[in-house]
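Encoded as structure tokens, the structure appears first; notes follow it.
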Amino acid sequence: MTAPVAETTATRTLGGKYLTFVLANEEYAFEILTVHEIIGIMAVTPVPHSHPVIRGVVNLRGKVIPIVDLRRRFGMTPPPEGETPETCIIVLNVRNLLVGIAVDAVSEVRMINEAEIEPPPAFGSDVDTSCLLGVANSESKVRMLLDAEKVLALDVIASL
């Protein structure tokens, strides 16, 4: 009996359904299978001495889940208008852990074909693209396809 081969970005098919969302006027997407639910922005309780990308925690139907500010995670400035009615939290299920991601707005669930997806661009050693699955180029729009597990990697967040 042979051991199963670990699936990597290079060996798996990336085409499929994605939840697209907006962050700083750009479109990003998570694979729909990692999305647990979408909730409106709510009061977040700060956690003392936590990393700046961690906004805090919320009580979601009796479960306490951490909220990551994706703008901060990606080194972006806060929106000048602050939170808007479109600001929301995407709750992801990564390795059976629920984690919320604060985003500017959710766009849609859309099918992205394999032919529309290109590998992450190479910018050299100064730009870390490890959290990208690929780049979808369709309908005159470019969408960054994010790897939820790598975006939420606590060791990466701790090293920022």
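The values are calculated or read from the model by the stated rules, or taken from the named source; none is laboratory data. Quantities reported herein were computed from a predicted structural model and do not represent experimental measurements. Here Cβ is always computed from backbone atoms with ideal geometry, including for glycine, and neighbour counts include all displayed protein chains.
Restricting to region 17-36, and then to whatever is assigned to a strand (DSSP E or B) and over 12 Å from the mean Cα position of the chain (by Cα), can you tell me which residue is farthest from residue 82 (Cα to Cα)?
17
If you check residue 139 against the conditions, is it exposed (fewer than 14 other Cβ atoms within 10 Å of the Cβ), charged (D, E, K, R), at pLDDT below 90 and within 19 Å of residue 18 (Cα to Cα)?
Against the criterion (exposed (fewer than 14 other Cβ atoms within 10 Å of the Cβ), charged (D, E, K, R), at pLDDT below 90 and within 19 Å of residue 18 (Cα to Cα)), residue 139 qualifies.
Would you say residue 99 is modelled with pLDDT of 95 or more and either within 16 Å of the chain's Cα centre (by Cα) or under 26 Å from residue 66 (Cβ atoms) (or both)?
No.
Any idea which residue in region 2-33 is modelled with the lowest pLDDT, counting only those that are touching a helix residue (DSSP H, G or I) at 6+ places or on another chain (Cβ under 9 Å) and among the hydroxyl-bearing types (Ser, Thr, Tyr)?
13
Report every pair of residues separated by at least 6 positions or lying on different chains whose Cβ atoms are under 9 Å apart, first residue within region 78-102 and in contact (Cβ under 8 Å) with a residue 40 or more places away in the chain and within 16 Å of residue 148 (Cβ to Cβ), second among the basic types (Lys, Arg) and exposed (fewer than 14 other Cβ atoms within 10 Å of the Cβ).
98/63
Do you know which residues across region 34-66 are at pLDDT 95 or above, hydrophobic (A, V, I, L, M, F, W, C) and within 30 Å of residue 138 (Cβ to Cβ)?
Of everything in region 34-66, those that are at pLDDT 95 or above, hydrophobic (A, V, I, L, M, F, W, C) and within 30 Å of residue 138 (Cβ to Cβ) turn out to be 35, 38, 39.
So which residues in region 37-55 are outside any loop (DSSP other than H, G, I, E, B) and surrounded by 17 or more Cβ atoms within 10 Å (Cβ to Cβ), if there are any at all? Step through it out loud before you land on a result.
So the first thing to find is which residues in region 37-55 are outside any loop (DSSP other than H, G, I, E, B), and the list is 37-40, 45, 54-55.
Across region 37-55, the qualifying residues are 54, 55.
State all residues of region 62-96 that are among the acidic types (Asp, Glu), under 14 Å from the mean Cα position of the chain (by Cα) and not in a strand (DSSP E or B); if no residue qualifies, say none.
Passing the criteria: none in range.
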